[in-house]
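Enquirer: Okay, here's the structure, questions in a sec.
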Amino acid sequence: MKRTLNSLILGTFIACFAATGFGQDDIVMKAMRDEMNRSMKKLQLENLEKPYFLSYSIIDTETANVSASFGSLLGKVEPQHGRYAKIQLRVGDYKLDNRNFFSLSSSRGGSIVTLPLDDNYDEIRRQLWLATDSAYKKAVEDLSKKRALLQNKNRTEIIPDFSKEKPVTMTDVLPAVPINAAEMESLVRGLSGLFKQSPAIATSQVSLQISNEYSRYVNSEGAATTIRQPEIYIAVTTSSQAADGQPVAAGFSYRGRSMKDLPPRAEMEAKIRLRSKQVAELRSAPLPDRYAGPVLFEGEAAPEIVYRSFLPHLMAAPEVLVDNQQFRSMMPRDSENLVEKIGLRVLPEFLSLTDDPTATAAGKTHLLGTYKVDDEAVPSRKMQLVENGLLLKLLTGRAPVLGIAQSSGSFHYGGVTPSNVIVSSTKAMTLDQLRAELLRRAKLRGKEYGVIVRKVDFTTRGADGGGLAAGSLPVLLAYKRFLDGHEELMRNAVINGISFGSFKDILAVSDSPDVWNVSFSPRPANPLEGAGSSFVSVVVPALLFEDATVQKPTGNVNKPPFIEHPYFSKAQ
């Protein structure tokens, strides 16, 4: 069975995007440079400023996806190829320009344009010419409106709009992943068919997507990069309901840059059987009693809680000015409150946190957030964000924030993103010692048990399909661990009280971290420019929090089906 999955990497594969450097034979790169140089010399409306910065990104994409349920194909998209350009044009100067400003009335002239697939030098230049002209007209209009808006504001701090960075020429081109549509279809059919052995599952789906994206970048400062970061994503989703109607879902996913990053097929099948068993157990498990006390996050739940409640506070973006306050909620939040926390304790003194895009592995596990250069042509580097509990730095792009003048090389898909986030400790326990400490703390509180969370639920949205209250964390696998050491599963537990501020009161951690690979979608400075997502690896040991509240969900839920699943009814 393993051979079926591994065969995806075998055979001859001719990359659709052969360019891997900066040679003169790369017609696309030559067209980009030539049109950029011409625009920087000649593009100027009468009595208005010339561009001081211009960048072109041309991205070639090759994507295929397929999905199946109960052994039947739901849909498939044969390998599709596309090419588009992103244009960033700035007028003014590094201190004040047209960016970090949003006005819907001047939103014409989008910065993304579709290009022909063939390497036609003249047509590529024509498309870039038209798009650049439109971007320039929009830029001068935005700058005029931005200046007018600032005249009515008293600014206590003057922060530049764009940082000056040393131009680099770099290539970070990984091998493309071969796409075999027939083998992709066979894999998802086979995995999804395993749910025919799971009467507790009402709905299930397995999907697989492979994407090869090749990016060329040049800017007027002299930087040039080529990047290819393939992505493979397998997602397994399931859903069911308990007798009281509460939803029970237990999905999981795998991500990789190549097929060797994925586990053997037998391991995937074992994970499906495990999740099916857990769903069956959850359906009959009791709802939680109200509990307030220590909570231990172990296994995948540890990096999941860091990703959910801590990591978003480590990325800084400047305030985006808007000429209509109705659009304020669409913009990234002001990072001033984050910057003010620099120098303050945000973790216990025995914990530190780094963002390290240069790391390639944690133990034997391959890390997926590795890269050499970001989308603004700033080289990657290890960033010590928290040391001995103190917040030292934040991740940024080339848009400075108060107290941070330079980019950390963390800009991807229109916003600031983390890479390989690694939590380390100078004081740790074995997992057994940590569980014993949980029970000791619970006993001091007069509790008969402590709570262990082993999997966070990223699918539950709350009663009636609405969002859960701010600060509420639905968990999939939560257990009561009693003083004698035995455990009891709880269903539909919701944890409250874990916030960014809670992390400085972590009591203890384990001596062995878990690695969780996930996708991160940044919030772009301009929502009209869209955003993608990048792979992130989060490496975190088990975490014991001193205080959290566990309770059952509130609100109305739909009743379960009146009669049983037809497949299993027929089998009987």
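The values are calculated or read from the model by the stated rules, or taken from the named source; none is laboratory data. Quick caveat: nothing in here was measured; it's all calculated off a predicted structure. Ideal geometry is used to build each Cβ from the backbone, glycine not excepted, and the neighbour counts take in all protein chains shown.
Enquirer: Can you tell me which residue within the range 434-455, out of those that are farther than 25 Å from ASN492 by Cβ and touching a residue at least 40 places away in the same chain (Cβ under 8 Å), is farthest from the chain's Cα centre (by Cα)?
Expert: LYS443
Enquirer: Another question about this same structure. May I ask you to verify whether LEU543 is assigned by TED's automatic domain parsing to the domain that holds GLY450 and either at pLDDT below 95 or surrounded by fewer than 23 Cβ atoms within 10 Å (Cβ to Cβ) (or both)?
Expert: no
Enquirer: Only one of (1) over 19 Å from LYS277 (Cα atoms); (2) within 18 Å of the chain's Cα centre (by Cα) fails for THR225. Which number is that?
Expert: (2) is the only condition that THR225 fails.
Enquirer: Report yes if ALA202 is surrounded by fewer than 22 Cβ atoms within 10 Å (Cβ to Cβ), in contact with a His (Cβ under 8 Å, 6 or more places away or on another chain), touching a residue at least 24 places away in the same chain (Cβ under 8 Å) and not β-branched (Val, Ile, Thr), otherwise no.
Expert: For ALA202, the condition - surrounded by fewer than 22 Cβ atoms within 10 Å (Cβ to Cβ), in contact with a His (Cβ under 8 Å, 6 or more places away or on another chain), touching a residue at least 24 places away in the same chain (Cβ under 8 Å) and not β-branched (Val, Ile, Thr) - is met.
Enquirer: What is the one condition in (1) among the polar types (S, T, N, Q); (2) assigned to a helix (DSSP H, G or I); (3) closer than 21 Å to PHE411 by Cα that THR132 does not satisfy?
Expert: Failed condition: (3).
Enquirer: Being modelled with pLDDT of 90 or more, of a type in the set (D, E, K, R) and crowded, with 21+ Cβ neighbours inside 10 Å narrows it down to one of LYS504, LYS443, LYS447, LYS480, so name that one.
Expert: On inspection, the qualifying residue turns out to be LYS480.
Enquirer: Residues of the range 372-419 being without any contact (Cβ under 8 Å) to a residue 60 or more places away in the chain, touching a strand residue (DSSP E or B) at 6+ places or on another chain (Cβ under 7 Å) and either within 23 Å of SER55 (Cβ to Cβ) or assigned to a loop (DSSP other than H, G, I, E, B) (or both), which ones?
Expert: The answer is ASP374, SER380, LYS382, ASN388, LEU392, LYS393, SER408, GLY409.
Enquirer: Could you figure out which of (1) over 29 Å from the mean Cα position of the chain (by Cα); (2) crowded, with 17+ Cβ neighbours inside 10 Å isn't true of LEU89?
Expert: (1)
Enquirer: Moving to a separate point now. With the condition kept exactly as written, say whether any residue in the range 226-234 is among the polar types (S, T, N, Q), at pLDDT 95 or above and either closer than 30 Å to PRO167 by Cβ or not in a helix (DSSP H, G or I) (or both).
Expert: Scanning the range 226-234 turns up at least one residue that is among the polar types (S, T, N, Q), at pLDDT 95 or above and either closer than 30 Å to PRO167 by Cβ or not in a helix (DSSP H, G or I) (or both).
Enquirer: Assess whether GLY530 counts as being at pLDDT below 95, within 15 Å of the chain's Cα centre (by Cα) and surrounded by fewer than 15 Cβ atoms within 10 Å (Cβ to Cβ).
Expert: Yes.
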